[in-house]
Structure formats: structure tokens, C-alpha cells
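*Asks:* Before I ask anything, let me first share the structure, which is written out below as C-alpha cells.
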Amino acid sequence: MASTGSTSSRSIADPIDAVTATTPILLYDGTCGFCANSVQFVLRHEGRRDALRFARLEGPLGDALRARHPELASIDSLIWYEPATAMAPERLLWQSRGVLRVARYLGGVWRLLGSLGMIVPRPLLDAAYAWVARHRKQLAAEACLLPTPAQRRRFIDL
């Protein structure tokens with residue numbers, strides 16, 4: 001796993017631009033039951049927010065991001081991606097920073113927990129994240145990600 005979250009001001013070429021527009025994307029390990037359960041958790045708890053889109057790390061978008069950002073080569077569980085806008089460069093967050101960003105996206109008590117998590121030293125959070133990532137296949141049985149028809153449109157490469 002890479003050591004920390006990152007941001008970049010470089011624009012991204014076609015495969016990504018074609019599908020991202022201005023909505024954030026959560027990339028997840030499509031072969032992991034824990035990750036599938038995590039995506040289902042986000043879908044259940046995001047309320048009416050439905051701005052977030054989803055993509056498998058093993059899909060075309062994940063491949064394009066990894067090609068563009070070599071620091072992502074060893075990431076195999078979660079990446080939060082925000083495309084560049086007129087006001088901000090593209091943003092990539094992984095490990096604990098990605099999880100905290102997801103929590104803040106969810107809102108409510110999750111937003112509070114995500115914000116509080118920012119005051120915990122990054123090495124401690126990343127160590128906890130690394131432990132979960134190492135054991136995620138034992139923590140959750142294999143699971144199929146079964147979005148509803150309305151949710152399915154938010155998945156880039158199912």
C-alpha cells in the first residue's frame with residue numbers, strides 16, 4: 001500500500017475525463033467482500049446525496065488513474081477521486097484520508113467522526129487502516145455488490 005493520500009494538479013486524459021465530469025468517484029477493490037460491503041454501507045447511509053459515483057480499481061477507470069499516477073500502483077482497496085474544477089486541481093485520497101473523506105461525504109454523525117478523525121495523527125490512522133486492509137478478506141465473507149437499478153447508473157464499470 002502507498003503511504004499516504006495525495007493531491008495533484010495535472011489534468012487527466014480521455015478515459016477519466018469521459019466519465020467523471022465534476023462528481024467524485026469512490027474506487028474500490030471489486031474482488032473484496034469487505035470493499036463491496038463498504039460500498040453498500042455508503043449507499044445505505046448517504047441519504048439523498050447520490051452525487052458519488054463508484055468504480056472498480058480493476059476496471060478501465062482504475063487502470064487509467066494508476067497509469068497517470070504511479071503512486072497508486074500498490075493501492076488495492078480504496079481511492080477517493082475528485083476531478084479538477086475551475087477552482088481546484090484534481091484530488092486523490094487513499095488510506096485513512098480516503099476513508100475520512102467518505103465519512104465527511106456521508107454527513108450527519110459520520111461527518112463529525114470524519115472531521116474528528118483529522119485530528120488523530122496520520123501515522124496512527126494509517127496503521128489502523130493498514131491492519132484492516134491486510135485482514136479485510138478475513139473480516140468479511142465474499143459478497144456480491146448488488147446495487148438497485150437506480151443505484152446502478154452511478155457505477156461506472158459494472
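The values are calculated or read from the model by the stated rules, or taken from the named source; none is laboratory data. Quick caveat: nothing in here was measured; it's all calculated off a predicted structure. When we count neighbours, we look across all protein chains shown, and the Cβ atoms used for this are built from the backbone with ideal geometry, even at glycine.
*Asks:* Of everything in the range 37-58, what is buried (at least 20 other Cβ atoms within 10 Å of the Cβ) and either of a type outside the set (A, V, I, L, M) or out of contact with any strand residue (DSSP E or B) (no Cβ under 6 Å at 6 or more places or on another chain) (or both)? Give them in sequence order.
*Replies:* Matches in the range 37-58: Ser38, Phe54, Arg56.
*Asks:* Shifting gears a bit: Any residue in the range 143-158 that's assigned to a strand (DSSP E or B): show its pairings with residues that are aliphatic (A, V, I, L, M) and modelled with pLDDT of 80 or more at Cβ separation under 8 Å, as long as the two are six or more apart or on different chains.
*Replies:* Pairs found: Phe155/Ala55.
*Asks:* Something else now. Starting from residues that are of a type in the set (A, V, I, L, M, F, W, C), within 16 Å of the chain's Cα centre (by Cα) and surrounded by 18 or more Cβ atoms within 10 Å (Cβ to Cβ), keep the ones in the range 7-36 and report whichever is modelled with the lowest pLDDT.
*Replies:* Out of the qualifying residues, it is Ile16.
*Asks:* Just checking, how many residues over the range 38-47 are in a helix (DSSP H, G or I) and in contact (Cβ under 8 Å) with a residue 24 or more places away in the chain?
*Replies:* Number of matching residues: 6.
*Asks:* Out of (1) at pLDDT below 90; (2) touching a helix residue (DSSP H, G or I) at 6+ places or on another chain (Cβ under 8 Å); (3) buried (at least 16 other Cβ atoms within 10 Å of the Cβ), the odd one out for Ala73 is which?
*Replies:* (3)
*Asks:* What number goes with the only condition from (1) surrounded by fewer than 19 Cβ atoms within 10 Å (Cβ to Cβ); (2) under 14 Å from the mean Cα position of the chain (by Cα); (3) of a type in the set (Val, Ile, Thr) that Thr85 does not pass?
*Replies:* With (1) surrounded by fewer than 19 Cβ atoms within 10 Å (Cβ to Cβ); (2) under 14 Å from the mean Cα position of the chain (by Cα); (3) of a type in the set (Val, Ile, Thr) applied to Thr85, the lone miss is (2).
*Asks:* Still on this structure, please answer the following. Condition test on Asp50, is it at pLDDT below 95, not hydrophobic (A, V, I, L, M, F, W, C) and not in a helix (DSSP H, G or I)?
*Replies:* yes
*Asks:* Checking the structure you have, find out if any residue of the range 112-127 is at pLDDT below 90, small (Gly, Ala, Ser), on the phi < 0 side of the Ramachandran plot and surrounded by 15 or more Cβ atoms within 10 Å (Cβ to Cβ).
*Replies:* no
*Asks:* Okay, moving on. State whether one or more residues within the range 136-156 are more than 22 Å from Thr31 (Cα to Cα) and hydrophobic (A, V, I, L, M, F, W, C).
*Replies:* yes
*Asks:* Continuing with this model, one more query. Quick check on the range 94-111: of everything there that is touching a helix residue (DSSP H, G or I) at 6+ places or on another chain (Cβ under 8 Å) and within 15 Å of Ala55 (Cβ to Cβ), which residue is surrounded by the fewest Cβ atoms within 10 Å (Cβ to Cβ)?
*Replies:* The selected residue is Val102.
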